[in-house]
Amino acid sequence: MKCLLVASESAEVLFYWTDPEFHIRVQEQYGPTSDDGEGPQHAFEDRINTLFAPIIISCSTMVDRLRESYTTFCTESNDIYVLHQFEECLYIAVNGDGEENEDDLRRKIFVIKKLTEVMFGMVTLSSTLLRKELRPQDTEQRRALWRRLQGLLETYSRLREQDQSFLVEAVERLIHPTLCEQCIEFLERRLVQQLNSSAERAGEEVQHAFILVHTKLLAFYSSRNASTLSSSDLLTLMLMVQHLHPSNPEIDDSSPEDIQDTTADPEVFYTPEPSPPEHPAELGRTDMEAPMFQFVDPDIQMAEDSLQTLQMNPPDPATPTRVFLETTLKEGFFPMMPHSMYSLPLWPGITLVLITKIPSSQVAMSIYHFLETVAKLEKRLKDGQEGAVPQRGHTPIQDLRSKMDKFIRVLGNNEIQTSLLQKAWAEFKAKAFSRGGPGLSRQLVPYCRNLHTQLCGVFRQCFVSGSCSTQRLSPSLQDRALTMVQDKLLDWKDFLLVKSKRNITMVSYLEEFPGLVHFIYVDRAAGQMIAPSLNMTERASSELGKGPLAQYIKSKVWSLVGTARRYLQKGYTTVTQRDGDYYLCYFLWFENETGYKLEVVDIPSPPDSAPIGMLAWDYYRKLLRYYSKSHSSEVVKCYELFTMHLGVIPSDYVLQHCSQLARKLWEPSRIPLL
């Protein structure tokens, strides 16, 4: 029983997601939804609002009166509630079935926050505009947006439960150095070069191109003038691709006969066809095509029927997805720069992804520069650093004045949002720069906030409000890119689909490390991981077999990662644990570029609210930055190793195995270069 809610301080629902169990519970508590003219979804939204309003109001009251807020609480029925306030938006995650703990719920909150940042960019820096973006006035737009966010959240939950790369939040590469090298060379010398030299690219420039096989990275190429794509953004893009093109490793590489076997359900009874099919191939129709009798709760069925009726037309597949990614340029660091993402499915389970820089990105850089300057000024004024504006000299406030005047002239005053920015800037200048004005005083704080909001509004107008459909790579150019990569990988397709399920196996390690059951090795500096495959499907299995034993081993691995994170949050870098018949270990350490292990230091604990990981909050990048302060003359690397041994292996041998395994996995030949 799970739920996630985003609400404003006034208890207005900005977004919600529930699983079927929580939906039924709300129905039982408040009665079935009735169609009041707005549809069943609107009625259920009202019930969600009624259910959570006391918590939201209580939380707001505590903030106003005590400057404190709830972080988590547990009810008498053992339901866990985790709350986190981002500016004026309150995020609430709930679990009532015991499948998620506080860390899982907190991580889910930060993931949905990261998704909104990638989807809306600098609009998230203004709570006022974010509320409007998350809850559009148009009912159809709101439903479409919420369905997309709900789908992304469900995709994340599925991947985190099934995929080791999303468990430890690091990218898993397909281990085949020769093919990886050939594909990287192909992306660089043929694909990206041809796309960027084409007249059909509408001013866009391909900066990153990569090929995914399910959730594993086959090849990645960045152009020379492109910023490095952060691990957090890459994982988020992979999540979005999985949402756009869901892959089922059990079916994507199966034969048609196997698919019929897996889709047939002996407990579902179908009505006879009015006439026999004309073609034998029609006998293989799937469950969705065949009529059937099924007993369904009337309220749920009505809601599903209404959602299908109200579903908007599918978007044009050639239309890219606007994403906002971290960018580091010679001008500085920009956290949410606009890009376009083209997700082109080569075959089921294999996808080509192109990330392009849009022509007007310079406008976004200017907006972020202004936002940063205004935020620093507001903080300075709140801290009491007041005074007159210097009339001469090159100061930040004078620099802001000259650049903002020029920026507004370039934008013009044709758009409503630009006019609002022009008005806000005129009011700011009248207070800050006029001789009779207060100058740099606390009276300027409201004008800073208004200017901040209007700058975010211009960003929204330029990059968020339906701008992806106007400028893009032409459909014919996308088709050519698709055909080029398909021709390159045609002979490798079947191999890649099998390789994605058996990337590396334990067989090659058992002779050297007897008693080793499983391991996960993570290079946190590169954001990559290596682990033997854990396939728990009915048709495929790892060396662990399938069934209860394999599921048991998988649960132990997932539990080990959770335990390691809890101890790491307390400052421990080594954990050893005997759990029944198994011996579990975790290690975190630092090395320089030559592989020399650096001395251990006390690592800082992250904020209580922030989860350890790389997807939603890049803890390891901050950890590397902290450790590098005492090693400024060398490049510092960070590694993690999770191991699982049979309990009969002596602990001395286990620790020796872990050390030898880490050295073996560190060899450059084991991890193909990005």
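Sort through SER669, SER659 and tell me the only one that's open to solvent by 20 Å² or more (accessible area, probe 1.4 Å), among the small types (Gly, Ala, Ser), at pLDDT 90 or above and assigned to a helix (DSSP H, G or I).
Only one candidate passes the filter, namely SER659.
So which residues in region 10-28 are open to solvent by 10 Å² or more (accessible area, probe 1.4 Å) and touching a strand residue (DSSP E or B) at 6+ places or on another chain (Cβ under 7 Å)?
Matches in region 10-28: TYR16, TRP17, THR18, ASP19.
Is it fair to say HIS208 is at pLDDT 95 or above, closer than 22 Å to GLN162 by Cβ, outside any loop (DSSP other than H, G, I, E, B) and not aliphatic (A, V, I, L, M)? Walk me through how you get there before you give the answer.
On the way: at pLDDT 95 or above: yes; closer than 22 Å to GLN162 by Cβ: no; outside any loop (DSSP other than H, G, I, E, B): yes; not aliphatic (A, V, I, L, M): yes.
Spelling it out, it is not the case that HIS208 is at pLDDT 95 or above, closer than 22 Å to GLN162 by Cβ, outside any loop (DSSP other than H, G, I, E, B) and not aliphatic (A, V, I, L, M).
Yes or no: region 264-276 includes at least one residue that is assigned by the TED database to the domain that holds MET337, loosely packed, with under 13 Cβ neighbours inside 10 Å, at pLDDT below 90 and not in a strand (DSSP E or B).
The answer is no; no qualifying residue exists.
Return a yes/no flag: does region 371-389 have any residue that is farther than 24 Å from VAL123 by Cβ, assigned to a helix (DSSP H, G or I), open to solvent by 20 Å² or more (accessible area, probe 1.4 Å) and at pLDDT 85 or above. Give the derivation first.
Our first condition is that a residue be farther than 24 Å from VAL123 by Cβ; within region 371-389, this holds for 380-381, 383-389.
Still in the list and also assigned to a helix (DSSP H, G or I): 380-381.
Applying the additional criterion that residues be open to solvent by 20 Å² or more (accessible area, probe 1.4 Å) yields 380.
Checking the rest, the ones that are also at pLDDT 85 or above come to 380.
For region 371-389, residues farther than 24 Å from VAL123 by Cβ, assigned to a helix (DSSP H, G or I), open to solvent by 20 Å² or more (accessible area, probe 1.4 Å) and at pLDDT 85 or above: present.
If SER60 passes every condition in (1) modelled with pLDDT of 90 or more; (2) open to solvent by less than 40 Å² (accessible area, probe 1.4 Å); (3) among the hydroxyl-bearing types (Ser, Thr, Tyr) but one, which one does it miss?
Exception for SER60: condition (1).
Answer yes or no: is there a residue in region 505-518 that is hydrophobic (A, V, I, L, M, F, W, C) and within 29 Å of the chain's Cα centre (by Cα). Before the answer, list the steps.
Residues of region 505-518 that are hydrophobic (A, V, I, L, M, F, W, C), as a first pass: 506-507, 510, 513, 516-517.
The next check asks that each one be within 29 Å of the chain's Cα centre (by Cα); those that pass are none.
Checking region 505-518: not a single residue is hydrophobic (A, V, I, L, M, F, W, C) and within 29 Å of the chain's Cα centre (by Cα).
For the structure I just gave you, tell me whether ASP261 is touching an Asp or Glu at 6+ places or on another chain (Cβ under 9 Å) and modelled with pLDDT under 95.
On the way: touching an Asp or Glu at 6+ places or on another chain (Cβ under 9 Å): no; modelled with pLDDT under 95: yes.
No; evaluated as a whole, the condition is false for this residue.
For region 465-511, enumerate the residues that are closer than 23 Å to ARG322 by Cβ, surrounded by fewer than 20 Cβ atoms within 10 Å (Cβ to Cβ) and either in contact with a strand residue (DSSP E or B) (Cβ under 6 Å, 6 or more places away or on another chain) or at pLDDT 90 or above (or both).
CYS468, SER474, PRO475, SER476, ASP479, ARG480, LEU482 - these are the residues of region 465-511 that are closer than 23 Å to ARG322 by Cβ, surrounded by fewer than 20 Cβ atoms within 10 Å (Cβ to Cβ) and either in contact with a strand residue (DSSP E or B) (Cβ under 6 Å, 6 or more places away or on another chain) or at pLDDT 90 or above (or both).
Which one is farthest from ARG565 (Cα to Cα) among residues in region 126-182 that are of a type in the set (Phe, Trp, Tyr) and either open to solvent by 50 Å² or more (accessible area, probe 1.4 Å) or touching a Leu at 6+ places or on another chain (Cβ under 7 Å) (or both)? Before the answer, list the steps.
Step one: filter region 126-182 for residues of a type in the set (Phe, Trp, Tyr), giving 146, 156, 166.
Okay, now just the ones that are also either open to solvent by 50 Å² or more (accessible area, probe 1.4 Å) or touching a Leu at 6+ places or on another chain (Cβ under 7 Å) (or both), so 156, 166.
Details: TYR156: 19, PHE166: 14 Å.
Among residues in region 126-182 that are of a type in the set (Phe, Trp, Tyr) and either open to solvent by 50 Å² or more (accessible area, probe 1.4 Å) or touching a Leu at 6+ places or on another chain (Cβ under 7 Å) (or both), the one farthest from ARG565 (Cα to Cα) is TYR156.
Taking the condition under 24 Å from LEU187 (Cα atoms) and open to solvent by less than 40 Å² (accessible area, probe 1.4 Å), does SER533 pass? Even if it seems obvious, please write down each step before you answer.
Values: under 24 Å from LEU187 (Cα atoms): no; open to solvent by less than 40 Å² (accessible area, probe 1.4 Å): yes.
No; evaluated as a whole, the condition is false for this residue.
Taking region 63-81 on its own, how many of its residues are open to solvent by 100 Å² or more (accessible area, probe 1.4 Å) and assigned to a loop (DSSP other than H, G, I, E, B)?
Of all residues in region 63-81, those open to solvent by 100 Å² or more (accessible area, probe 1.4 Å) come to 64-68, 76, 78.
Those still in the list that are assigned to a loop (DSSP other than H, G, I, E, B) too: 67-68, 76, 78.
Count: 4.
Which condition number does ASN196 fail, the rest of (1) more than 19 Å from TYR342 (Cβ to Cβ); (2) at pLDDT below 95; (3) surrounded by fewer than 18 Cβ atoms within 10 Å (Cβ to Cβ); (4) not aliphatic (A, V, I, L, M) being met?
For ASN196, the exception is condition (1).
I'd like the residue in region 553-598 that is polar (S, T, N, Q) and part of a helix (DSSP H, G or I) and, out of all such residues, is nearest to ILE612 (Cα to Cα).
Step one: list which residues in region 553-598 are polar (S, T, N, Q), which gives 555, 559, 563, 569, 573-574, 576-577, 592, 594.
Next, from what is left, pick out any that are part of a helix (DSSP H, G or I): 555, 559, 563, 569.
On the way: SER555: 20, SER559: 15, THR563: 12, GLN569: 7 Å.
This residue is GLN569.
Only one of SER247, SER222, SER232 is more than 30 Å from SER361 (Cβ to Cβ), crowded, with 19+ Cβ neighbours inside 10 Å and at pLDDT 50 or above. Can you tell me which? Lay out the reasoning, then the answer.
Working: SER222 fails: more than 30 Å from SER361 (Cβ to Cβ); SER232 fails: more than 30 Å from SER361 (Cβ to Cβ).
Sole residue among the options that is more than 30 Å from SER361 (Cβ to Cβ), crowded, with 19+ Cβ neighbours inside 10 Å and at pLDDT 50 or above: SER247.
Can you tell me which residue among GLY647, GLY613, GLY595 is at positive phi and at pLDDT 90 or above? Even if it seems obvious, please write down each step before you answer.
Numbers: GLY647 fails: at positive phi; GLY595 fails: at pLDDT 90 or above.
Only one candidate qualifies: GLY613.
Does ASP103 satisfy being in contact (Cβ under 8 Å) with a residue 60 or more places away in the chain, under 20 Å from LEU239 (Cβ atoms), outside the structural domain of HIS452 (by the TED database) and open to solvent by 30 Å² or more (accessible area, probe 1.4 Å)? Reasoning before the result, please.
Working: in contact (Cβ under 8 Å) with a residue 60 or more places away in the chain: yes; under 20 Å from LEU239 (Cβ atoms): yes; outside the structural domain of HIS452 (by the TED database): yes; open to solvent by 30 Å² or more (accessible area, probe 1.4 Å): yes.
Considered against the rule, which asks whether it is in contact (Cβ under 8 Å) with a residue 60 or more places away in the chain, under 20 Å from LEU239 (Cβ atoms), outside the structural domain of HIS452 (by the TED database) and open to solvent by 30 Å² or more (accessible area, probe 1.4 Å), ASP103 comes out as yes.
Just a yes or no: is a residue in region 220-227 more than 24 Å from ARG502 (Cα to Cα), of a type in the set (D, E, K, R) and in a strand (DSSP E or B)?
Within region 220-227, none of the residues are more than 24 Å from ARG502 (Cα to Cα), of a type in the set (D, E, K, R) and in a strand (DSSP E or B).
Among the residues of region 552-564, are any hydrophobic (A, V, I, L, M, F, W, C), in contact with an Asp or Glu (Cβ under 7 Å, 6 or more places away or on another chain), open to solvent by less than 30 Å² (accessible area, probe 1.4 Å) and at pLDDT below 95?
Within region 552-564 (the criterion being hydrophobic (A, V, I, L, M, F, W, C), in contact with an Asp or Glu (Cβ under 7 Å, 6 or more places away or on another chain), open to solvent by less than 30 Å² (accessible area, probe 1.4 Å) and at pLDDT below 95), the answer is no, since none of the residues qualifies.
With the structure loaded, tell me whether GLU133 is free of Cβ contacts under 8 Å to residues at least 60 places away in the same chain, outside any strand (DSSP E or B) and charged (D, E, K, R) or whether it fails that test. Full working, then the answer.
Working: free of Cβ contacts under 8 Å to residues at least 60 places away in the same chain: no; outside any strand (DSSP E or B): yes; charged (D, E, K, R): yes.
Against the criterion (free of Cβ contacts under 8 Å to residues at least 60 places away in the same chain, outside any strand (DSSP E or B) and charged (D, E, K, R)), GLU133 does not qualify.
Pick out the one residue from SER340, SER402 that is among the polar types (S, T, N, Q) and assigned to a helix (DSSP H, G or I).
Working: SER340 fails: assigned to a helix (DSSP H, G or I).
Step by step, each of SER340, SER402 is checked, and only SER402 is among the polar types (S, T, N, Q) and assigned to a helix (DSSP H, G or I).
Of (1) out of contact with any His (no Cβ under 6 Å at 6 or more places or on another chain); (2) modelled with pLDDT of 95 or more; (3) assigned to a helix (DSSP H, G or I), LEU152 satisfies all except one. Which?
(1)
If VAL575 satisfies all but one of (1) surrounded by 14 or more Cβ atoms within 10 Å (Cβ to Cβ); (2) touching a Gly at 6+ places or on another chain (Cβ under 7 Å); (3) not polar (S, T, N, Q), what's the number of the condition it fails?
(2)
Suppose the filter is acidic (Asp, Glu) and assigned to a helix (DSSP H, G or I); does ASP97 pass it?
Working: acidic (Asp, Glu): yes; assigned to a helix (DSSP H, G or I): no.
No: the conditions fail for ASP97.
Which residues, taken from region 49-101, are among the aromatic types (Phe, Trp, Tyr) and farther than 22 Å from LYS114 by Cα?
First, pick out the residues of region 49-101 that are among the aromatic types (Phe, Trp, Tyr): 52, 70, 73, 81, 86, 91.
The answer is PHE52, PHE73.
What pairs come out if I take residues in region 593-605 that are closer than 16 Å to ARG524 by Cα and pair them with residues that are aromatic (Phe, Trp, Tyr) whose C-beta lies under 7 Å away, six or more apart or interchain?
Pairs that qualify, where the first residue is closer than 16 Å to ARG524 by Cα and the partner is aromatic (Phe, Trp, Tyr), are GLY595/TRP666; LYS597/TRP589; LEU598/PHE590.
The values are calculated or read from the model by the stated rules, or taken from the named source; none is laboratory data. Note that the coordinates shown come from a computational prediction; the quantities given were computed from them, not determined experimentally. Note that each Cβ is placed from the backbone with ideal geometry, even for glycine, and that neighbours are counted across all protein chains shown. These area figures cover heavy atoms from the full protein model, side chains too; ligands, DNA and RNA do not enter into them. Shrake-Rupley method; radii C 1.70, N 1.55, O 1.52, S 1.80 Å.
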